[in-house]
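The values are calculated or read from the model by the stated rules, or taken from the named source; none is laboratory data. Given the structure is predicted, the values throughout are model-derived calculations rather than measurements. Counting neighbours? That spans all protein chains shown, and the Cβs are built from the backbone with ideal geometry, glycine included. Keep in mind that these areas ignore ligands, DNA and RNA; they rest on the heavy atoms of the full protein, side chains included. Shrake-Rupley method; radii C 1.70, N 1.55, O 1.52, S 1.80 Å.
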Amino acid sequence: MTLLAVENSDIVAAAKRLNGELFSTRLIESPALNDKYGGRVLFKPECLQRTGSFKFRGAYNRISQMTADERKRGIVAFSSGNHAQGVASSAQLFGIKAVIIMPFDAPQLKIANTKSYGAEVVLYDRYKESREAIASVYINDRGMILVPPYDDPAIIAGQGTIGLELVDEAEERGIEFDDVYVPSGGGGLISGISVAVKARSPKTRIWGAEPENFDDLRRSLIAGTQIANEPGHHSICDAILTPQPGDLTFPINRQNLAGGIAVSDKAVAAAMRDAATFLKVVVEPGGCVALAAIANRQTDLAGKTVAVVLSGGNVDLAIYSGLIAAA
């Protein structure tokens, strides 16, 4: 078996660091959606988490382990919005200077929220400029510490605490998940969840959900090696548009995942509407791809108990209302 970057013990340690800092996101369900899909579907509403997404978990876990000298130097991160807010909020809690590099076309809500946590926001063109190159200036010239969005053991372990909570609550309620569906960008969330779930429920299958044309994880799992997305495509799922699977996350996902599912923007918008209608929660496009994925696999849910992660809810209301109205 391949030696992986994160073990379940790392996730358990992360949960201890995060104790008292997280909002409760216990599982919710809808009888109407259970009837629609012919199985029992339980949703993990990380859209209700601190900063509006799961990203606070990994950011806090990473920053909490920084040395006093590293904290004095400050931190830099790049993100379309959810990692930005998780890092900015965590930095504020620790009294650390934070610079966040964000695409100029990121949702205005995410940019405003990031600034509200006291971070300095630097905007760039994601189609013409390199966020890594911009970050390197702050790292090399100012000595700031990079807090990456997914390819970092502490980030993965922090996100994996969702998996611990899933299996804890399942055991508490006397159920066992046949499948868990998780949104996937760079793979930090799904890799961490997969480690935690597989450690205690090895028969549970883990599925990654991605937007069409950004399904690098799905295609990489089939090929057995990392495959990048082709340039020139667009999607409403801004939160999970990454170039290719991470170097640390992909080996974990290759070992633990059952496969990947690609969904259309139209299917995502319909899933957002269902989340609002039946679960009464606002979920952003990237956070709703796993719900869209179970619609694609409707015939496979008969008689099963599955978990679906709703990974974030940070979306401009004007965009949100337009998407669900047209779905």
Can you tell me the alpha carbon radius of gyration of the stretch 75-161 divided by the globular rule-of-thumb value 2.2 N^0.38 Å? 1.02
Hey, what does the equivalent ellipsoid look like for the stretch 190-264, semi-axes from the Cα gyration tensor as sqrt of 5 times each eigenvalue, largest first, whole Å? 22, 13, 10
Set LYS16/LYS44; LYS16/LYS110; LYS72/LYS110 screened for pairs whose C-alpha atoms are more than 24 Å apart: LYS16/LYS110; LYS72/LYS110
How many Å³ per residue does the convex hull of the Cα positions in the stretch 98-240 occupy? 149
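Expected output is a single nm value to one decimal: the length gained when fully extending between GLU21 and ASP125, i.e. 0.36 nm times separation in residues minus the C-alpha distance. What is it?
34.1 nm
Give, in whole angstrom and from largest to smallest, the semi-axes √(5λ) of the equivalent ellipsoid of the chain, with λ running over the eigenvalues of the Cα gyration tensor.
29, 22, 19
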Once the Cα atoms of helix 188-200 and of the chain are each reduced to a long axis, what angle between those two axes, in degrees from 0 to 90 to the nearest 10, is obtained? 50
Under the rule rounded for a/c under 1.5, else prolate if a/b exceeds b/c, else oblate, using alpha carbon gyration tensor axes a ≥ b ≥ c, the stretch 221-327 is classed as oblate
If I take every Cα pair under 8 Å that is 6 or more residues apart in the stretch 202-327, average their sequence separation and divide by the length, what percent do I get for the relative contact order? 27
In degrees, nearest 10, the alpha-carbon axis of helix 153-173 is tilted away from the dominant principal axis of the alpha carbons of the chain by 30
Let me have the relative contact order for the chain, percent, based on Cα pairs under 8 Å that are six or more residues apart. 23
From zero up to wherever the largest Cα-Cα distance of the stretch 265-312 sits, split into 10 Å bins and tell me the percent of pairs in each. 29, 55, 16
Of the peptides 50-58, 194-202, 91-99, 123-131, how do they stack up when ordered by the mean number of other Cβ atoms within 10 Å, highest first? 50-58, 194-202, 91-99, 123-131
Output the 0 to 90 degree angle, nearest 10, between the alpha-carbon long axis of helix 8-18 and the longest principal axis computed from the alpha carbons of the chain. 70
So, with points 7 Å from each Cα along the Cβ direction, the LYS115-ASP316 label distance in nm works out to 1.4
Run down the lysines and flag those whose C-alpha is under 17 Å from the C-alpha of LYS115, throwing out any fewer than 8 positions away in its chain. LYS55, LYS97
How many angstrom lie between the C-alpha centres of the stretch 192-230 and the stretch 1-71? 17
Packing rank of 298-305, 110-117, where each peptide gets the mean count of other beta carbons within 10 Å, highest leading: 110-117, 298-305
Rounded percent of accessible protein surface that carbon and sulfur make up, the chain, 1.4 Å probe: 51
Fraction of beta bridges assigned by DSSP in the chain that are antiparallel (%, nearest 5): 5
Per-residue [θ]222 nm for the chain (sum of -39500 (n - 2.57) over DSSP H runs n ≥ 4, rounded to 500): -13500 deg cm²/dmol
Sorted by packing (mean other beta-carbon atoms within 10 Å per residue), highest first, where do 30-36, 286-292 land? 286-292, 30-36
Can you work out the Karplus-derived ³J(HN,Hα) for every residue in the stretch 55-61? Use 6.51 cos²θ - 1.76 cosθ + 1.60 with θ = phi - 60°, whole Hz, and x for glycine or proline. 4, 4, 4, x, 4, 5, 4
Efficiency of FRET between ASP247 and LYS72 - r from beta-carbon atoms, R0 41 angstrom, step 0.05: 0.90
Translational diffusion coefficient of the stretch 2-71 at 4 °C, 1.567 mPa s, Stokes-Einstein with Kirkwood Rh over Cα pairs, in µm²/s as a whole number. 88
